[in-house]
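First up is the structure itself, then whatever we jot down about it.
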Amino acid sequence: MESEYIQQLFQKYIDKEITQQEWLVLRKAAEKDESLKEELMLERRLRDHAAQKIISDLETTYKLQELEIPEPKEEEKQLIKQIDQEKKTKPFIIKKIFPYLKYAAIFILGILGYFYFFSSSQQKKSPHLNAQYIFESNQDEYAYLNNDRTTSETETKEEAFKEYNLSHWLTAEELFNQHLKDNPNDFEASFFLGRTYLQLDQIDIAIQTFLQITKETNSENFKHYYQLHYDLALCFVKKNEFKKAIEPLLIAQKNRYYKEKASRVLDQINSLKK
């Protein structure tokens, strides 16, 4: 009976319908069942691969559209050919003014071609931007560097970061939670736990974790203060809650490193509103 319930939870995880409480139950079950743990990790790798494939296809299409130059229509080619023929057969006076007529025709055709290409390009670009693309294309580097450490770490926390950098998200989540039981005020560990939830596609739990940190350490002295708000904004973006993403993005903009990144996300959000 319990096995059937776990399978139901696993299916809900695949369908992205799992709640926070259900996820905690599933994670606990994965700690005891190695095959379930491997299935969860495989599902995560498949999601990552699918997301990267979508971005790669979108960016390739976008670049090709940028380079695309519309071919002259057949009637435009015939018109230029006809004008060239008439130039050879008309009287002298027509021949004198003809070059100007030809330039005028080319100018008009150029304007028509420009508007055709511009409208066509805009229609093709509109599907390029959506919440999923903004989220995937603006995710920040998730590695935790050794030189970031300024204080002595517990053995559990060290192991958590090792697993984190190896992208072993389930193991990292387990170790971070274990460390935080004895060190509840370690906001750095909480922050990377939130990022781990983000990688596990547990967006609601990631948001809850990030918001809890902002309540307890609402200070720019926190080493990951701007990174925290940038990640929080991306979580809201993925949930299509663009209004909630604005405030943390404006905070992230105050940082020199995140200013350009946050501005780009804000511009993309504004483009979706148009």
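Nothing in this text is a laboratory measurement; each read-out follows from the coordinates by a stated rule. A quick note: this is a predicted structure, and the numbers were derived from the prediction, not measured. Cβ: placed from backbone, ideal geometry, glycine included. Neighbour counts: every protein chain shown.
Sort Arg256, Arg195, Arg27 by Cβ crowding within 10 Å, fewest neighbours at the top.
Working: Arg256 8, Arg195 25, Arg27 20.
Ascending Cβ contact count within 10 Å gives the list Arg256, Arg27, Arg195.
Roughly speaking, what is the stretch gain from Lys12 to Asp140, that is 0.36 nm per residue apart minus the C-alpha to C-alpha distance, in nm to one decimal?
Between Lys12 and Asp140, full extension yields an extra 43.3 nm.
Which length gain, in nm to one decimal place, applies between Leu272 and Asn240 when the Cα-Cα distance is subtracted from 0.36 nm times their residue separation? Intermediate results must be reported in sequence, preceding the final value.
Values: separation 32, 0.36 × 32 = 11.52 nm, distance 1.07 nm.
Extra length from Leu272 to Asn240 when fully extended: 10.4 nm.
Assigning unit charges at the beta carbon (Lys, Arg +1; Asp, Glu -1) and nothing else, what dipole magnitude in debye, to the nearest 20, does the range 166-244 show about its Cα centre? Present the calculation step by step, with values, prior to reporting the outcome.
Numbers: 8 positive and 11 negative charges, 65 e Å.
Computed about the Cα centre, the dipole is about 320 debye.
What ranking of Lys28, Lys238 emerges when the number of other C-beta atoms within 10 Å of each C-beta is taken as an exposure proxy, fewest first? Don't jump to the answer; show the numbers that get you there.
Values: Lys28 12, Lys238 20.
Result, fewest neighbours first: Lys28, Lys238.
Too long at a 28 Å Cα-Cα cut-off: which of Lys181/Lys223; Lys181/Lys261; Lys37/Lys181; Lys28/Lys239; Lys32/Lys238; Lys157/Lys239? Let's see the in-between values first.
Working: Lys181/Lys223 22 Å; Lys181/Lys261 34 Å; Lys37/Lys181 22 Å; Lys28/Lys239 26 Å; Lys32/Lys238 31 Å; Lys157/Lys239 30 Å.
In this structure, Lys181/Lys261; Lys32/Lys238; Lys157/Lys239 lie more than 28 Å apart at Cα.
Which order do Ser190, Ser137 fall in if you start with the one that has the fewest other Cβ atoms within 10 Å? Before the final figure, lay out the partial values.
Details: Ser190 24, Ser137 15.
Listing Ser190, Ser137 from fewest to most nearby Cβ atoms yields Ser137, Ser190.
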